[in-house]
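Working notes for the structure below.
The values are calculated or read from the model by the stated rules, or taken from the named source; none is laboratory data. Quick caveat, the model's predicted, so the values are computed rather than measured. Neighbour counts run over all protein chains shown; Cβ positions are idealised from the backbone, glycine included. Accessible surface areas use protein heavy atoms only, side chains included; no ligands, DNA or RNA. Shrake-Rupley method; radii C 1.70, N 1.55, O 1.52, S 1.80 Å.
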Amino acid sequence: MPKLALHWQIAIAISLAVIAGLLGGADAEIAGIKLLAVYAFLGTLFLNALKMLIVPLVSASIISGMAGIGGDNLERLGGKTLLFYATSSLIAILIGLTVVNIIQPGVGDTEALAASLSSDRARRAR
């Protein structure tokens, strides 16, 4: 059996996630465990794993790239590279914090949202 290309694997995973979300809804349970809580836990776990990998991966790629160049001006190039990395990271963090504080995602009445989702699901079932 030939291996699927990565873009097809991603498309299938997204489709399955949408189907699971639509079938499960906000109040679905399996063995007394709410699926929404399981999805939230898995999402948090995934994001924390990404955060744990990003900084070492970027740092290792920068160091590897600088070591591969070699030459006499390595000190100057290394300083500029680290300065650029630190500055761009600082700007990205400031933009992210500003947008999050303005939009405030996740703030709201989650019970009203769950009731709305349940009523929408009940309407579709008829």
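Summary table below
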{"read-out": "Kirkwood Rh, Cα atoms: Rg over Rh of the chain", "value": "1.15"}
{"read-out": "In region 1-91, the trypsin sites (Lys or Arg not before Pro) that fall in loop regions by DSSP, at most 14 other Cβ within 10 Å", "value": "Lys3"}
{"read-out": "Virtual spin-label span in nm between Ile63 and Leu23, 7 Å along Cα→Cβ", "value": "4.6"}
{"read-out": "Kyte-Doolittle mean at least 1.6 and Cα axial length at least 18 Å: DSSP H helices in the chain", "value": "6-24, 35-69"}
{"read-out": "The chain - percent of accessible surface contributed by carbon and sulfur, probe 1.4 Å", "value": "73"}
{"read-out": "Per residue accessible area of the chain, 1.4 Å probe, in Å²", "value": "84"}
